[in-house]
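**Q** Let me begin by handing over the structure; questions about it come next.
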C-alpha cells in the first residue's frame, strides 16, 4: 500500500507544472510554400498603443528582466509617424536616479527598430 506521505508531494510537484503555450519545433525548418502576403491591415500590424506596449514588454522582460520592467510601469507610449515609441517610467521621486528602457517599433510590421536603456 502506498503511503499518503508519498502521494502528497507527488501531487504538489505535478500541479506546479503548467502546460506550455507553445512548443519549439527545431532551429531551422523549411517552408513548403513561399509566403505570400495576402492581408495587410490599414495602419499596419501594430495599430494600437496597447499592441505596441505588449510588444515592448515582451522584449523588455527578455533583455532587462521582469522586475526591471515592472518597476518602470506604467509604460509611456507615443507615436511618431509610423513608429511607436514605448518608454518605461519612474515614480515621481527626486531621489531616484537612473534611466528607463525605450524601444521603437514599426507600426507597419512590428519590427523592433531599436532598444536602449538609460543609466
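The values are calculated or read from the model by the stated rules, or taken from the named source; none is laboratory data. The shown structure was predicted, so the numbers you read here are calculated from the model rather than taken from an experiment. All Cβ positions, glycine included, derive from the backbone under ideal geometry; neighbour counts span all protein chains shown.
**Q** Being assigned to a loop (DSSP other than H, G, I, E, B) and at pLDDT below 70 is the filter here; which residues of the stretch 8-35 pass it?
**A** 16, 17, 18, 19, 27, 29, 30, 31, 32, 33, 34, 35
**Q** OK, next. Going through the stretch 79-119 one residue at a time, which ones are without any contact (Cβ under 8 Å) to a residue 40 or more places away in the chain and assigned to a strand (DSSP E or B)?
**A** Within the stretch 79-119, 79, 80, 83, 84, 85, 86, 87, 102, 104, 113, 114, 116 meet the criteria.
**Q** While we're on this one: Without any contact (Cβ under 8 Å) to a residue 40 or more places away in the chain, more than 13 Å from residue 115 (Cβ to Cβ) and exposed (fewer than 13 other Cβ atoms within 10 Å of the Cβ): is that true of residue 50 in this structure?
**A** yes
**Q** Which of (1) in contact (Cβ under 8 Å) with a residue 60 or more places away in the chain; (2) within 14 Å of the chain's Cα centre (by Cα) does residue 45 not meet, given it meets every other one?
**A** All conditions are met except number (2).
**Q** Can you spot a residue in the stretch 53-68 that is touching a helix residue (DSSP H, G or I) at 6+ places or on another chain (Cβ under 7 Å), modelled with pLDDT of 95 or more and in a loop (DSSP other than H, G, I, E, B)?
**A** Scanning the stretch 53-68 turns up no residue that is touching a helix residue (DSSP H, G or I) at 6+ places or on another chain (Cβ under 7 Å), modelled with pLDDT of 95 or more and in a loop (DSSP other than H, G, I, E, B).
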